[in-house]
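Structure first, then comments.
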Amino acid sequence: MKGEETVDELRKYRLRIAQQRDGYRFSLDPLLLCDFAAIRTGEAAIDLGCGCGVIPLILAREGEGAVVTGVEFQEPMAELARRNVSLNALGDRVTILAADINSLKGRFPVSSFDLVVSNPPYRKPGTGRISPRAGRDRARHESTAGLADFLAAAKYLVKPGGRICFIYHPSRLAELFAEAALLKLAPLRLRMVHGNASSGAGMFLVEMVKGRRGDLTVLPPLFVYAGDGGYNAEMKKIMEG
């Protein structure tokens, strides 16, 4: 990718991540999603919309023997993700594919993965502010694929009984549940993420399953910041171990 880059450390995961200094940069969302998904030993996982590759790399570090695929439709970002895989010597277990979400049925057999994770773009085209940073709007705004497409791809890719974990914006919670019902995906866990104890939810985490029914468990909310403005104890554990 063109432009100046930084290399940032995620010490808990023993990772170094190259990112564009003035382009799209990952936030807390990937850390929250990986913690929520809790990859298991030896699982095959796929991240839909992997950006610079931070989620596949964390999953590979956390899941002993896990094999992870990252899918990214922006070729320059996919190339950056490949370089991050090499930077962390995880090329034997992490593969980055430059592809559109809607093309995956032609690339993978049905039910190929134990775990599907995604942090999909949550703004519809023409909504929200335009970012001056290159790549941010393509990461935040739906373009070639919308929420229904991400869910349909996840259902196709995951094994029966396998897990689908998304992090998404609360304004589209009802839409996600409606689309999941149409696809016969059963929501099993839901957790709202708040900036602090006095703020509304800024994101939510959801786990869905294909091929079986289950009652929805609404977990206690996650508060990112404590009363003093620093990260709360749970957030520190997610970030630092």
Q: Scan the stretch 43-63 for residues that are under 21 Å from S111 (Cβ atoms) and surrounded by fewer than 24 Cβ atoms within 10 Å (Cβ to Cβ) and jot them down.
A: E43, A44, G49, G63
Q.
Just to verify a result, which residue in the stretch 220-241, among those that are exposed (fewer than 12 other Cβ atoms within 10 Å of the Cβ) and more than 27 Å from P187 (Cβ to Cβ), is modelled with the lowest pLDDT?
A. G241
Q.
Looking at the stretch 17-29, can you tell me whether even one residue there is surrounded by 22 or more Cβ atoms within 10 Å (Cβ to Cβ) and within 18 Å of A145 (Cβ to Cβ)?
A. no
Q: Find the residue count for the stretch 196-219, including only residues that are under 29 Å from D149 (Cα atoms) and surrounded by fewer than 17 Cβ atoms within 10 Å (Cβ to Cβ).
A: 12
Q) Say we look at the stretch 131-145 and pick out the residues that are buried (at least 17 other Cβ atoms within 10 Å of the Cβ) and assigned to a loop (DSSP other than H, G, I, E, B); which of these is modelled with the highest pLDDT? A) A145
Q) Which of the residues that make up the stretch 70-83 are free of Cβ contacts under 8 Å to residues at least 40 places away in the same chain and buried (at least 23 other Cβ atoms within 10 Å of the Cβ)? A) G70, V71, E72, A81
**Q.** Filter result for A178 (small (G, A, S), at pLDDT 95 or above and in a helix (DSSP H, G or I))
**A.** yes
Q: Sort through G195, G202 and tell me the only one that's over 18 Å from the mean Cα position of the chain (by Cα) and within 15 Å of D29 (Cβ to Cβ).
A: G195
Q) For the stretch 179-194, what are the residues that are surrounded by 13 or more Cβ atoms within 10 Å (Cβ to Cβ), within 21 Å of P121 (Cβ to Cβ) and free of Cβ contacts under 8 Å to residues at least 40 places away in the same chain? A) E179, A180, L183, L185, P187, L190, M192
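The values are calculated or read from the model by the stated rules, or taken from the named source; none is laboratory data. Small disclaimer: the values here were computed from a predicted structure and weren't measured. Glycine also receives a Cβ, built like all others from the backbone with ideal geometry; neighbour counts cover every protein chain displayed.
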